[in-house]
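Participant: Attaching a single structure in structure tokens format; questions to follow.
What follows is calculated from the coordinates using simple rules that are stated; it is not laboratory data. Remember, predicted model here, so these are calculated numbers, not experimental data. In this analysis, Cβ positions are derived from the backbone assuming ideal geometry, glycine residues included, and neighbour counts consider all displayed protein chains.
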Amino acid sequence: MPQFIVTCPPGFEYLLVDELNSLGEIEVREGLTQVFVDCDWQHMYRICLWSRLAHRVLYPIAEFEARDEDALYEAVYELPWELHFSEHQTFAVDFVSRRSTLKHQQYGALKIKDAIVDYFRENFGERPSVDTEMPDVRIHCRMNKNKAHLCIDLSGKSLHQRGYREKTGEAPIKENFAAAMLYRSGWASSLANKSWLYDPMCGSGTIAIEAVLMATDRAPGLGRNYWGFTQWKRFDEPLWQAEVDRAKERNESAKAAGVAPIFASDKDSEVIAIARNNAERAGVGEYISWEVGAFQRLSRPQVETAGYVVTNPPYGERLEQKKSAEIIYQEFGAWLKDQFIGDKALILSSDKHHGHALGIRAEKIYRLKNGPIDCELLKISVEESLFVAKRKEVSPDNYQEGLSESAKMLDNRIQKNLASLKSFLKQQNISCFRVYDADLPEYAAAIDVYEDCLHIQEYAPPADIDQHKALRRLRDIERVSSGALSVEADRIFVKTRTRQKGEQQYTRQDKLKHIKLVNEGAARFEVNLSDYLDTGLFLDHRKARQLLAKWSSTGDHLLNLFCYTASASVHAAMKGVSTTNVDLSNTYLDWGKRNFQLNGLDLTRHEFIRANCVEWLEQAVTEHAGSYQVIFIDPPTFSNSKKMEKHFDIQKEHVSLLNMAEKLLAPGGRILFSNNFKRFKMEYVPSENVSLREITRETTSRDFVRKPLHRSWVLQKQTLGKK
């Protein structure tokens, strides 16, 4: 009897075993993200057609040791490939490796491809072509501990691709994941009772569509137009067609017997339109009742019998999104308590705090992965006996209750830091400042005060730190800082700071648009506390901005390279200085213009230039030599933005950058050069008439003395006639 491998996502193995056992005479052995199956070809076709959970069905054709590329090539070359396809057909190769010396997936696939091509060329005089999208035959190699399992991929493409999803909403779940949710909810096993099902945050409609496929006993593979076996030489078309015909008969019979009521809603009308279109493509649109509206304003379906609510709320992948997501779960739990007593629910969550926020004790929790994200399925009976009392709101009066010893240490440190800064902040009239910066290793975050708001940047924890432990520490930071600094929870904004690459340096992190106007001396600035990793105002440059304004006089011209939101230029412009602001980002340049307008500055006296600063300098040295009395240069440490032809590295580029910039200085003019590369080494040697001095201490404010973020230097050109 043939043997097959059926792959699945992690956490699906038990469900897949049960599903395959329900399909007939099949022997099943569970593995990790795969199930080993012994069955005949009729049942193999049935698995491909009917499995709602599987990813791929693989037919092993060879097994061998392959410790290096030569061994892999030779073993593949020795196989009789003409038994599977001809030189006139197309093929593709997938390669997956675990705990083996051959690790590179693309290279492994290339060696297998080369061996197959060489086999056909040398034995038949021609070679087959490669088609990575829809090949006639797809070869799949799975390496584990240097042992290769070479298979024919009978599914062709992952079985979760049913063929009905033309578009999706934000953060969609895959079709097989939706099916797993329906199985785990218990609804699928109650189909005989025609129990209703409702997804109140349906997105692109995947859960509702999969529910109708189950309710109408429709094989999920009936909608697919491509398989990996139909062009394979061993394909048994009559056997396959018999399974297809039998599946169509079952579908028609189930529809004739009546279908359970399915309901779906979403607050976004455009998303509902996508869901409707997907349902029509799946041929099930007539069985779903759609509604547009936020769940908080909608009512339970008007059905007398008990039913099921199955949904995937927006749980947030980044830690800074989890707070707003927790509010949604809290409101969703209140909605269930109000309208769905006696019904059941299954809710997807990526954070155990979401389960707490629901306020209903789960009768079962299933752990699995949604792509790379660890998730939980919370199975709930909406019964008053399972309702959990709402947790006490945290306030400045009670936030210390129940704190762990480490959280108490955090509280003490924040209180101590705030007390030491109090007189300084009052004397300098500073309302935006840093109060804590990873002073305690277990609480690795920076806490900045923006008047009546807090901006918390968590430094991403190491990969070996337990995710739940990291989240508990972040919760401690939020709770303690809220209480110690008397800031309400809805005015606390949390982000995770990791090393940024390429376009990530400029990418929007969220879309909440929490814009706030803050004061710095006589100037006002727009800060965005929610949407970007940085707020638009670097607090550690406060003294640098003051110094630039001090150096500026009416009639001077200031050049601000890598200007960001041009906050430094604002201070100088308020002294009557004309400014030229250069940055590669239109977003930041527009932001800078708004900062100028906030302070009543005439934009016609100031330039905002979108350009690569290095390229702009190369041209400016001939066009604007000696034109600027003050130049501010605060470049990124590294950038490989797609908008740049080559990457920028401050250590490599600073010498040429400063050599060009000094040519733009007017006699007596000064350059303030700053960067935050911790291992930076100044290698620039100034010209004979230019002096160079490090002034990091002069530009480091008291709230950053504990952990200075930047180093800075002043370059000054001698006045004409002086030496």
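Participant: Net charge near residue 716, counting Lys/Arg +1 and Asp/Glu -1 over other residues with Cβ under 9 Å of its Cβ?
Facilitator: Summing Lys/Arg as +1 and Asp/Glu as -1 gives +3.
Participant: What number, in percent, do you get for the relative contact order of the range 538-717 if the mean sequence gap of Cα pairs under 8 Å and at least 6 apart is divided by its residue count?
Facilitator: 22 percent.
Participant: Taking the Cα atoms only, what angle lies between the long axis of helix 105-124 and the longest principal axis of the chain, rounded to 10 degrees?
Facilitator: 50
Participant: So, counting K/R as plus one and D/E as minus one, what does the shell of residues with Cβ under 11 Å around residue 547 add up to?
Facilitator: Net local charge, residue 547 excluded: +4.
Participant: Another one. Taking amide H atoms as placed 1.01 Å from N in the peptide plane, list the residues 5 or more away in sequence, or in a different chain, whose amide H sits under 5 Å from that of residue 436.
Facilitator: For residue 436, the qualifying residues are 447.
Participant: To continue, here is another question. Computed from these coordinates, which is Kirkwood radius over Cα pairs in Å: [x] 28.0; [y] 33.0; [z] 30.2?
Facilitator: It is the one labelled [z].
Participant: As an exercise, use a Förster radius of 45 Å and the Cβ-Cβ distance of residue 79 and residue 245 to find the FRET efficiency, rounded to the nearest 0.05.
Facilitator: With a Förster radius of 45 Å, E is 0.85.
Participant: Okay, moving on. Past the 30 Å Cα-Cα mark, which pairs from 233/369; 267/379; 174/344; 167/516; 103/495; 167/248?
Facilitator: Violating the 30 Å limit, Cα to Cα: 233/369; 167/516; 103/495.
Participant: Quick query: amide H of residue 584 versus all other amide H atoms, modeled in the peptide plane; which residues come in under 5 Å with a sequence gap of 5 or more or a different chain?
Facilitator: 611
Participant: Select from 9, 536, 284 the residue farthest towards the positive end of the dipole of the chain; place +1 on Cβ of Lys and Arg, -1 on Cβ of Asp and Glu, and compute about the Cα centre.
Facilitator: In the chain, that residue is 536.
Participant: Here's a follow-up. Across the range 50-55, in residue order, what do the Karplus-derived ³J(HN,Hα) couplings come to in whole Hz, using 6.51 cos²θ - 1.76 cosθ + 1.60 with θ = phi - 60° and x for Gly and Pro?
Facilitator: Ordered by residue, 3J(HN,Hα) equals 10, 5, 8, 10, 6, 8 Hz.
Participant: What is the total of Lys pairs in the range 538-717 with C-alpha atoms under 21 Å apart, excluding same-chain pairs fewer than 8 positions apart?
Facilitator: Taking the Cα cut-off of 21 Å, the pair count is 14.
Participant: In addition: Would you work out which of 55, 229, 576 lies farthest towards the positive end of the dipole of the chain? Charges go on Cβ: Lys and Arg +1, Asp and Glu -1.
Facilitator: Of the candidates, 576 comes out farthest on the positive side.
Participant: Using the Cβ atoms and a cut-off under 15 Å, what net charge is assigned to the surroundings of residue 159, where Lys and Arg are +1 and Asp and Glu are -1?
Facilitator: Around residue 159, the charge tally is +4.
Participant: Roughly how big is the range 538-717's charge dipole about its Cα centre, with Cβ charges of +1 (Lys, Arg) and -1 (Asp, Glu), in debye to the nearest 20?
Facilitator: 760
Participant: Enumerate by residue number the GluC sites (Glu not before Pro) in the range 614-723 meeting two conditions: DSSP loop (anything except H, G, I, E, B), and at most 15 other Cβ atoms within 10 Å of the site's Cβ.
Facilitator: 645, 683, 688
Participant: Per residue, what volume in Å³ does the convex hull of the Cα atoms of the range 538-717 enclose?
Facilitator: Cα-based convex hull of the range 538-717, divided per residue, equals 113 Å³.
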